[in-house]
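**Q** Once you've had a glance at the structure underneath, I'll fire off some questions.
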Amino acid sequence: MSDNQTVFDALLAALDSVRQYNSNDQAAPAAILWPDKGQEWTELLPRLREALPQLLTFGDYDPGTKTGPAIWLRCMIARTLPEADWSEDATPIIYLPGFSRQELRAVEECPKPLLPLAELQFRGVLFSQVSARDWTAMAFLVSEEGGGLGLDVARDRATEEAMMRALPALAGEHVAALRGRKLQAAYFDDLVNPDETRSVLMWLSDPSAVRTAWPANQWDAFRARCTSKFGFDPDTDGTLIAAELLGARSGDWATVWDRYAEAPATYPGIPDLLRQARPSATDDLFFDLSTWPQDNQEMEDTVRKRLAELGEASPADARTEIRQLEAKHGDRREWVWATLGQAPLAQALEALAVLADVTETALGGTTPREVAENYVSDLWRADAAALDALACVEHPDDVAAVSEALRATYAPWLTAAAEHFQQTVDTHGYPDDNETGEREDSTCVLFADGLRFDVAQKLGAALESEGIEATVDWSFAAMPTVTPTAKPAVSPVAGLLAGGDTGEDFLPSTKADSRKLTADVLRQCLAQEGIDVLANSDTGSTIGIAWTEYGSLDKRGHDEGTKLARMIDEEVRGLVIRVRQLLDAGWRKVQIVTDHGWLLLPGGLPKVELPHYLAQTRWGRCAVLKPTANTDMLTVPWRWNQDARIAPAPGIGCFIAGREFAHGGLSVQECVVPVATVSGAERGPEVSIEEVKWVGLRCRLQIDGGAGFLADLRTKVSDPESSVVQKGEPIAVADDGLASLLVTDYDLEGTAVNVVILGAAGDAIARRATTVGGESDEDGT
């Protein structure tokens, strides 16, 4: 017997060995009788029947399993029935569950149903130990004679019971893996429940379903392991005791808890069970609260209450309170309940703490450009933190609590920043430098509507994480910061446009024929300039300049208000995919531009009154004043017509009540827009080996695009030492693409080699397989 066999293979081999006989003085056995008083091998019968078509079983008639009474079995042995379908050289095996060798041997005492088979013990052979005892499963494992495995198995009752439970699984184990170790109950139970930790968690999550699904031997093995290793009996102690042990995380239960914490959503029934099982009272100062869901919920309730109360606090007091809450509750982000989404406020506190730190610094600068530079250097993180905090919460009560925290800390800082920026614009004027300049060949301009600067920073980080190098610069948006005005200003056809009357739509017109720049007209202007317009997932030719659009940040902001915060990651991910698609198509550069940023404040931006008689048209954050309007409001010229006066709403105010999301005004969030540049990999030289022709041992080549490069013949493409050409020196490819290589060793004729073209760095940039003195074997690459 080979140790490479499985236990099942060894059993088959032992059965086969019984039928061996000396043909010189013996007749072939009519059958192999396999008595099994304890019916220990019945669990293996389905597998045995697949492997042994000649296996018959004594019992009630069932032709499907080749089971039947003694007379039927005799007919099968005689091959008088169609069910006797095994090969001629196979010896029938009759399995006798519930009967021993002794019962069969004592003919006068043999059970009457078995009598017709008694004489087969003389014409056949018995499958039994050398000692003439029946082969029990334990005997087969430990015996060193007669085909037994000779394994070291503990002989205590617990081990024997565990071994029998595990017999179907044990049959598949390799004998070599069982040697040299003491096989005890724990080993056999692990075979039935190979992942005991997962089994405990599955049972805790849904005990009735597990109990119904598991066969008896698996359940018994599970009980045995729970008793021996985890200190409880699933039948007598139940789930509450087990859940209490899980929550305590002591001893082997620590491993079970760690496993649960890795993927808690896999076991949805456990949180409610832990809630029921928590000890009602404890004086233990070191009692671990992290495992009990109600303790986490109480802490969430506390945070919610204290954040909701910040509406009456000063910004300084609100920041102090947020820091204290973060110090106490930040660790809960590592608790399993955060993974399950049951600690949203603990998650939001991380962003609120960042916001508290950043908003302690006022936005400074004496000119609009200095203010913008201070913002892009670090203070944009206040806007990012506000979005991150809102993204953590969904329940209305949680949203309301975070909103109060933002109104207490973010809103005052946002207001002061906007007012200061507006003061510098009032003094120095608004910078008009939003043109993106000349674009290189093979540049695709990707327009992302409403890509605020802080969101662009997220985009840059996401691109970097995918190995895409991105540079995020900035410029000032066109005024007013609305799409009809600002989108054309960053398009490649901005020079074709001019403005007349702003009208109600802020759209510029074409210089040539004074057409309003609708979406259709913009596409026509782009086409007129030879710029491809790529729709949806199109990638174009990758030559020249192209224009494509992606994203709906602006639309979602107007439609959803503060819910936009939970959509940012989705928008960023979509942009990353689009950039990757364009680069993979072969664009050398993707330039991501946008029209404007925006303000977002839970509860709405403060309403600002603007008398109707002053405004020609009014949007949320800006209005066009009538030529006759007399007001001391700050005004700025329209990007497309310097004579048209635009009045941005003061501070972070809004001319329309109830707006949480708005743009068009003067704030760094709206006016400082990103310009992100992503470069693709440099294209290597396009070289192909068009022809390989042998004249004797001279190889003549025709190389397309290979002029000036070196050609070589090598047995290994990247190994210069494997060159087979004369003196081992590559030959330069001529201007006409021709090269000639000579092999001087006649013994190499018929050797497989590679034609290799070497780049400037000596690396292989093209190769083609060939045979010395023969024809090429494949096309060049």
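The values are calculated or read from the model by the stated rules, or taken from the named source; none is laboratory data. This is a predicted model, so every value here is computed, not measured. Using ideal geometry, Cβ is built from the backbone for each residue, glycine included, and neighbour counts are taken over all protein chains shown. For accessibility, only protein heavy atoms count, side chains too; no ligands or nucleic acids. Shrake-Rupley method; radii C 1.70, N 1.55, O 1.52, S 1.80 Å.
**Q** For a quick check: with amide H placed at 1.01 Å from N, whose amide H comes under 5 Å from Ser475's, ignoring anything fewer than 5 positions away on the same chain?
**A** Val673, Val675
**Q** Ok, one more. Would you please give the residues with an amide H less than 5 Å from that of Ile94, counting only those at least 5 places away or on a separate chain, with H modeled from the backbone geometry?
**A** Placed amide hydrogens put Ile32, Leu33, Trp34, Leu56 under 5 Å from Ile94.
**Q** Another question, then. Relative contact order for the chain using alpha-carbon pairs under 8 Å, separation at least 6, rounded to a whole percent?
**A** 8 percent
**Q** Here's something else I'd like to know. Scaled to the compact-protein estimate 2.2 N^0.38 Å, what is the alpha-carbon radius of gyration of region 557-650, rounded to two decimal places?
**A** In units of the 2.2 N^0.38 Å rule of thumb, it is 1.55.
**Q** Next question, about the same structure. Please report the spacing between the Cα centers of region 355-386 and region 634-648 in Å, no decimals.
**A** 26 Å
**Q** Next up: Please list 670-679, 321-330, 543-552 highest first by mean number of surrounding beta-carbon atoms within 10 Å per residue.
**A** Packing order, densest peptide first, comes out as 670-679, 543-552, 321-330.
**Q** Heavy-atom accessible area of Tyr21 with all protein chains present, probe 1.4 Å, nearest 10 Å²?
**A** Its heavy atoms expose roughly 100 Å² to the probe.
**Q** Less than 12 Å Cβ to Cβ from Glu244, Lys/Arg counted +1 and Asp/Glu -1: what total charge do the surrounding residues give?
**A** Overall, the nearby charge balance is +2.
**Q** Just read off the accessible area of Met164 with the full protein assembly in place, 1.4 Å probe, to the nearest 10 Å².
**A** For Met164, solvent-accessible area is about 60 Å².
**Q** Could I ask something else about it? Please give the calculated 222 nm ellipticity per residue for the chain, where each DSSP H segment of at least 4 residues contributes -39500 (n - 2.57) and the sum is spread over every residue; nearest 500 deg cm²/dmol?
**A** Helix contribution divided over all residues of the chain: -11000 deg cm²/dmol.
**Q** Let me ask something additional. Could you please put Thr443, Thr361 in sequence from largest to smallest accessible area, using a 1.4 Å probe?
**A** Result, largest first: Thr361, Thr443.
**Q** Take Val695, project a point 7 Å from its Cα along the Cβ direction, then tell me which residues of region 730-753 have their backbone nitrogen under 20 Å from it.
**A** Once the point is set 7 Å along Cα→Cβ of Val695, 731-746, 749-750 turn out to lie under 20 Å by backbone N, inside region 730-753.
**Q** Largest first, please: the extent of the C-alpha atoms of region 678-755 along each principal axis, to the nearest Å.
**A** 53, 26, 19
**Q** Using θ = phi - 60° and the Karplus relation 6.51 cos²θ - 1.76 cosθ + 1.60, list the HN-Hα couplings for region 119-126 in order, rounded to whole Hz, with x at every Gly or Pro.
**A** 5, 5, 5, 8, 8, x, 9, 9
**Q** For region 237-249, what does the Karplus curve 6.51 cos²θ - 1.76 cosθ + 1.60, with θ = phi - 60°, yield as ³J(HN,Hα) per residue in whole Hz, taken in order and with x for Gly and Pro?
**A** Each residue's phi maps through the Karplus curve to give 8, x, 6, 5, 4, 4, 5, 5, 5, 4, x, 6, 6 Hz.
**Q** Regarding region 305-388, what's the average projected area of the Cα-atom convex hull, expressed in nm²?
**A** Quarter of the Cα hull surface area: 6.4 nm².
**Q** How many Å³ per residue does the convex hull of the Cα positions in region 116-243 occupy?
**A** 148 Å³
**Q** Hey, another quick one. For region 658-714, what is the accessible area per residue in Å², given a 1.4 Å probe and the full set of protein chains?
**A** For region 658-714, the per-residue accessible area is 39 Å².
**Q** Within the chain, what whole-number % of the accessible surface is contributed by carbon and sulfur, with the 1.4 Å probe and all protein chains included in the calculation?
**A** Carbon plus sulfur share of accessible area: 47 percent.
**Q** Apply the Karplus curve 6.51 cos²θ - 1.76 cosθ + 1.60, θ = phi - 60°, to the phi angles in region 72-81 and return the couplings in whole Hz, x for Gly and Pro.
**A** Per residue, the Karplus-derived 3J(HN,Hα) values read 5, 5, 5, 5, 5, 5, 6, 6, 9, 10 Hz.
**Q** Let me ask another. Relative contact order of region 312-430, please, whole-number percent, based on alpha carbon pairs below 8 angstrom and at least 6 residues apart.
**A** The value is 32 percent.
**Q** Okay, next question. Just to confirm the number: angle between the C-alpha axis of helix 216-225 and the first principal axis of the chain, 0 to 90 degrees, nearest 10?
**A** It works out to around 70 degrees.
**Q** Here's a follow-up. What net charge is computed for the residues neighbouring Ala316, neighbours being all others with C-beta under 14 Å from the C-beta of Ala316, Lys and Arg scored +1, Asp and Glu -1?
**A** Net of charged neighbours comes to -3.
**Q** Could you work out the per residue convex hull volume over the alpha carbons of region 550-590, in cubic angstrom?
**A** Cα-based convex hull of region 550-590, divided per residue, equals 54 Å³.
**Q** Another question, if that's okay. What FRET efficiency would be calculated for the residue pair Gln423, Met633, taking the C-beta separation as r and a Förster radius of 22 Å, to the nearest 0.05?
**A** 0.95
**Q** Just to confirm my numbers, what's the Cα centroid distance between region 505-550 and region 213-259 in Å?
**A** 67 Å
**Q** Over the alpha-carbon set of region 603-677, work out the extent along each principal axis and list the three values in angstrom, largest first.
**A** 43, 33, 18
**Q** Among the listed pairs Lys487/Lys511; Lys487/Lys607; Lys305/Lys607; Lys487/Lys555; Lys487/Lys516, which are separated by more than 19 Å between their Cα atoms?
**A** Beyond 19 Å between Cα atoms: Lys487/Lys607; Lys305/Lys607.
**Q** Okay, moving on. Leaving out ligands, DNA and RNA but keeping every protein chain, what accessible area does Asp258 have, in Å² rounded to the nearest 10, with a 1.4 Å probe?
**A** Ignoring ligands and nucleic acids, Asp258 comes out at about 90 Å².
**Q** Additional query: Based on the mean of other beta carbon atoms within 10 Å per residue, what is the order of 762-770, 574-582, most packed first?
**A** Per-residue Cβ counts within 10 Å, averaged per peptide and sorted highest first, yield 574-582, 762-770.
**Q** Give me the number: length gained by fully extending Lys37 to Ser377, i.e. 0.36 nm times residue separation minus the C-alpha to C-alpha distance, one decimal in nm.
**A** Taking 0.36 nm per residue and subtracting the Cα distance, the gain is 113.9 nm.
**Q** Taking 0.36 nm per residue of sequence separation and subtracting the Cα-Cα distance, how much length would be gained by fully extending the chain between Ala254 and Lys511, in nm to one decimal?
**A** Here the answer is 85.1 nm.
**Q** Under 15 Å Cα-Cα from Lys37, which aspartates and glutamates qualify once same-chain neighbours fewer than 8 residues away are excluded?
**A** Filter leaves Glu103, Asp134.
**Q** Calculate the radius of gyration of the Cα atoms of region 352-450 to one decimal place, then report Dmax, the largest Cα-Cα distance, as a whole number, both in Å.
**A** In Å, with Rg to one decimal and Dmax whole: 17.2, 53.
**Q** Could you work out the local net charge near Gln702, counting Lys and Arg as +1, Asp and Glu as -1, over the other residues with Cβ closer than 12 Å to its Cβ?
**A** Neighbour charge sum, excluding Gln702 itself: -1.
**Q** Hey, another quick one. Just to make sure I understand: if all protein chains stay in place, what is the order of Thr255, Thr539 by accessible area at 1.4 Å, largest first?
**A** So the residues, ranked largest to smallest area, are Thr255, Thr539.
**Q** If you don't mind, there's one more thing I want to ask. What whole-number value in Å² describes the accessible area per residue of region 486-566 for a 1.4 Å probe?
**A** 47 Å²
**Q** Also, quick follow-up: Sort His558, His663 by accessible area with a 1.4 Å probe, largest first.
**A** From most accessible down to least: His558, His663.
**Q** Next question. Between region 395-420 and region 293-319, what is the separation of their alpha carbon centroids in Å?
**A** Spelled out, the Cα-based centre of one part sits 14 Å from the other.
**Q** If you restrict to DSSP beta bridges whose two residues both lie in region 445-562, what percentage is antiparallel, to the nearest 5?
**A** 35 percent
**Q** If you take the Cα atoms of the chain, find Rg, then find the Kirkwood Rh from the mean of 1/r over all pairs, what is Rg/Rh?
**A** Ratio of gyration radius to Kirkwood radius for the chain: 1.18.
**Q** How large is the accessible surface per residue of region 27-175, computed with a 1.4 Å probe and reported in Å² as a whole number?
**A** 46 Å²
**Q** A further question follows. Quick check: convex hull over the Cα atoms of region 492-611, volume per residue in Å³, rounded to an integer?
**A** 135 Å³
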